[in-house]
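Working notes, structure below.
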DNA sequence: AGACGATGCCGACCATCTATGAGATCGCAA
DNA sequence: TTGCGATCTCATAGATGGTCGGCATCGTCT
């Protein structure tokens, strides 16, 4: 690994001159600058950003804390963060905490030792104190898909509105007994979706009945299990809103086994628009969250704050969008080709032209 | 951000003593060490790894280059890499290249500036010269799921064997006209899977017929399109092997539209065991690759090499495993609960207890 | 001649580690 | 008890690679 000293020796100038020549700061004769550049190239020189960072207190590295990149929700968010970071010259260190606070603490220790310029949290159970410690130490933090009672920037999608849209859709189809399978009630996302469910009922003049609400845990198995409970309710509901797609898939499988037709006997709507929801039979009506945008905006906020630490914190709220497919509406099968085109267009920004491509496997 | 100087001043000792006290190197009176530790804690001290790295030439940071973390294949690999890295005290910088060589070059420049200790490549179209440049500069590289004519460590799954298992399975069910939908023929993974197909036919005494091989591009749409072509072949094949799950899903949808029953009229096997393959109707028989292990082993190899740069390169070849579900075999519907349990057990190591959990959405 | 712009060098500095060596302490033998 | 070497304990002084302000030099213009 060559240093500016070696380049300086070869070029017959001082190291400082090499530094200014390569960085374009200060006065260096154009011809000399070119010669120095050529020498640097020929030596395969790469500036040592450690030394640079040591001096100017910027590492151009960010931390990204997620519970588990394997969970279908996070890759899109991570991609959004990473894209924006990269175009701004930042690198991103990935941290999987599994929702484990000890692990989270260990990662944060590492990130602080590495002197990252900021951290994006996309984890449903953040330790507020961890975030606060970071902020106290002067490390900017942005929360994505999560609100917390801490004074910092955040981006999230409007869960109340998303759930409202889903349930209003079912009600507009004429359903009057709409059940809901919620997520763990200690999660704000789950709470908000339940709230949206209630609002929709209320606005359509339908009384809220606790008997129609079952608590799941966001896993497929809970959807499968609770679907059986659902059928026992008398009078039986004609529609279900599941607080996420995984549980909706569980419901779907369970109903299929029981010989209940979807959507004819039971309409079903999920939440998240995970890829899964496009291949089930029937395809799942669901609420799409702007996952990529969430990550991208989070990163933009973070980079903005790094240069303006005193700015007032921003809270960005994105709009979810109802995607009507087959599990809620009785109609002829849509053309696959049309769907494919729609999907491609819609997700172009999100994942680049490599989307849905199985390459590398 | 406090430094050892400030701690030293408070403790009334020299910075060097603080360094030794905190690192446990050299002699420091036990009582003094404790006092220094206490002071460091109270100041929320985090050692500056930049300064440390500058000196001992180890950053404890690795680079991970993938085409697109959004592609369902890579999160599991990334998780494997990250887990092993973390338990060894390393951080991982994520790089999405989209298969774009310019982007790849830019990322590598960044990684070298940050002086990462090594790089894992999991990209189907790596630029051999990029890898070679890295190796020449003394930066260890490990290739995951990709062999390349370069002298370095690598891990991959045996694609020939995987395809062989898939086709042998179909043949053993009595099929004699088995078609194949391949991936892009310029990708080694696709070539190897075609080779496995041929071997299976050969060993079962069935002549290879080029007319039964259609070239797809690993995307769902190509499976959808080519399934129609398949039906035109005379005599019509009774089984298809698709080189990945996405294309298999396309085939499935297409056949469904044409009223062809799977597996009764046409058996189908995919490749990759993506989550999708568990929710289609019928569920997809497929070849599972040990994705997590691939990442984990890649990272182990890398960390090994960092401490032993002169070791002979290792080429690890993992075994894929055929997962028989419903798209190939005519039988009663399996119990959902049994499947759920199996899945959970099998993937425990891969994703921790958070697997399949929709939290944070 | 003096002022000013262009050019390039010198040395300090960032936070940490490590080699060196000085001084203190301790054990053991005389 | 004293003396001496071995062992502790800690401070000092580079060294890491790059940046930056200050300063010297040189040429040109007024």
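Brief remarks follow.
- Residues within the stretch B:205-220 that are surrounded by 22 or more Cβ atoms within 10 Å (Cβ to Cβ) and assigned to a helix (DSSP H, G or I), tallied: 1
- In this entry, residue B:137 is excluded by the filter for residues that are more than 11 Å from chain A (Cβ to nearest Cβ) and either over 21 Å from residue B:298 (Cβ atoms) or surrounded by fewer than 24 Cβ atoms within 10 Å (Cβ to Cβ) (or both).
- So residue B:199, is it more than 22 Å from the chain's Cα centre (by Cα) and under 22 Å from residue B:146 (Cα atoms): yes
- On the stretch given as the stretch B:231-248, residues that are surrounded by fewer than 24 Cβ atoms within 10 Å (Cβ to Cβ) and in a helix (DSSP H, G or I) total 2.
- Residue in the stretch A:60-79 that is more than 30 Å from residue A:276 (Cα to Cα) and assigned to a loop (DSSP other than H, G, I, E, B) present: yes
- Residues in the stretch A:24-47 that are within 14 Å of chain B (Cβ to nearest Cβ) and away from DNA strand D (no atom under 13 Å from the Cβ): A:41, A:42.
- The test for being touching a strand residue (DSSP E or B) at 6+ places or on another chain (Cβ under 9 Å), under 25 Å from residue A:248 (Cα atoms) and surrounded by fewer than 23 Cβ atoms within 10 Å (Cβ to Cβ) holds for residue B:282.
- Checking A:71, A:88 one by one, the residue that is facing chain B (nearest Cβ under 7 Å) and either more than 23 Å from residue B:63 (Cα to Cα) or in contact with a helix residue (DSSP H, G or I) (Cβ under 8 Å, 6 or more places away or on another chain) (or both) is A:71 and no other.
- If only residues of the stretch A:1-13 that are outside any helix (DSSP H, G or I) and surrounded by 14 or more Cβ atoms within 10 Å (Cβ to Cβ) are counted, the one that is farthest from the other protein chains (Cβ to nearest Cβ) is A:13.
- Among the numbered conditions (1) at the interface with chain B (Cβ under 10 Å from one of its Cβ atoms); (2) closer than 25 Å to residue B:136 by Cβ, the only one that residue A:64 does not meet is (2).
- The selection criterion, being closer than 18 Å to residue A:182 by Cα, in a helix (DSSP H, G or I) and either free of Cβ contacts under 8 Å to residues at least 40 places away in the same chain or in contact with a helix residue (DSSP H, G or I) (Cβ under 7 Å, 6 or more places away or on another chain) (or both), does not hold for residue A:287.
- Of the residues making up the stretch B:94-125, those that are assigned to a loop (DSSP other than H, G, I, E, B), out of contact with any helix residue (DSSP H, G or I) (no Cβ under 7 Å at 6 or more places or on another chain) and touching a residue at least 24 places away in the same chain (Cβ under 8 Å) are B:116, B:123, B:125.
- Here residue B:199 meets the list (1) buried (at least 22 other Cβ atoms within 10 Å of the Cβ); (2) over 27 Å from residue B:261 (Cβ atoms) almost entirely, failing just condition (1).
- Answer residue from the stretch B:14-47, given it is crowded, with 19+ Cβ neighbours inside 10 Å and part of a loop (DSSP other than H, G, I, E, B) and is farthest from DNA strand C (Cβ to nearest atom) among those: B:28
- Only one of the numbered conditions (1) under 26 Å from the mean Cα position of the chain (by Cα); (2) assigned to a helix (DSSP H, G or I) is violated by residue B:181, and that is (2).
Bear in mind these aren't lab numbers, they're just calculated from the coordinates by the rules spelled out. Nothing here was measured: the structure is a model prediction, and the numbers come from that model. All Cβ positions, even for glycine, are placed from backbone atoms using ideal geometry, and neighbour counts span all protein chains on display.
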